[in-house]
Amino acid sequence: MNNITDETRRESFEAAKQGAAARRRVILEILTEHPSGMTAREISGELYRRGITPADERNFAAPRITELCRAGKVEAIRKRPCACSGRNVAVWAVRR
């Protein structure tokens, strides 16, 4: 690899890290506003409505929720059927 590709890769990585941190903060804000909890799909819909993400795709929220859970900031408080799939999914809330 040459220096240019190394630099662009580093720049992309740094931008992604900053974007992930910002998204984690917004997810915590969203869950604080909804103390009864939300599913990952519902959170992703709210991220989209706020103009944070380009679509309401669940995968815009799920990885950040996993990171927040591992950091002890959010927890799955129950499960309920997903409105889209009908399958049981986790409902997330800020850890108390």
In the range 68-84, which residues are under 13 Å from ARG96 (Cα atoms) and surrounded by 13 or more Cβ atoms within 10 Å (Cβ to Cβ)?
CYS69, LYS73, VAL74, GLU75, ALA76, ILE77
Filter the range 38-67 down to residues that are touching a Leu at 6+ places or on another chain (Cβ under 7 Å) and either at pLDDT 95 or above or closer than 16 Å to ARG95 by Cβ (or both) and give me whichever is surrounded by the most Cβ atoms within 10 Å (Cβ to Cβ).
ALA61
Result of the Cβ filter at 9 Å on the range 1-26, keeping first residues that are surrounded by 10 or more Cβ atoms within 10 Å (Cβ to Cβ) and partners that are modelled with pLDDT of 75 or more and among the small types (Gly, Ala, Ser), at least 6 apart or interchain, is ARG23/ALA61; ARG24/ALA71
So for the range 4-17 (the condition being more than 14 Å from VAL91 (Cβ to Cβ) and modelled with pLDDT of 95 or more), does at least one residue qualify?
no
Just give me the residues in the range 22-52 being more than 10 Å from the chain's Cα centre (by Cα) and among the hydroxyl-bearing types (Ser, Thr, Tyr), in sequence order.
THR32, SER36, THR39, TYR48
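The values are calculated or read from the model by the stated rules, or taken from the named source; none is laboratory data. All values reported here derive from a predicted model rather than from experimental measurement. With ideal geometry, Cβ positions are generated from the backbone for all residues, glycine too; neighbour counts draw on all protein chains shown.
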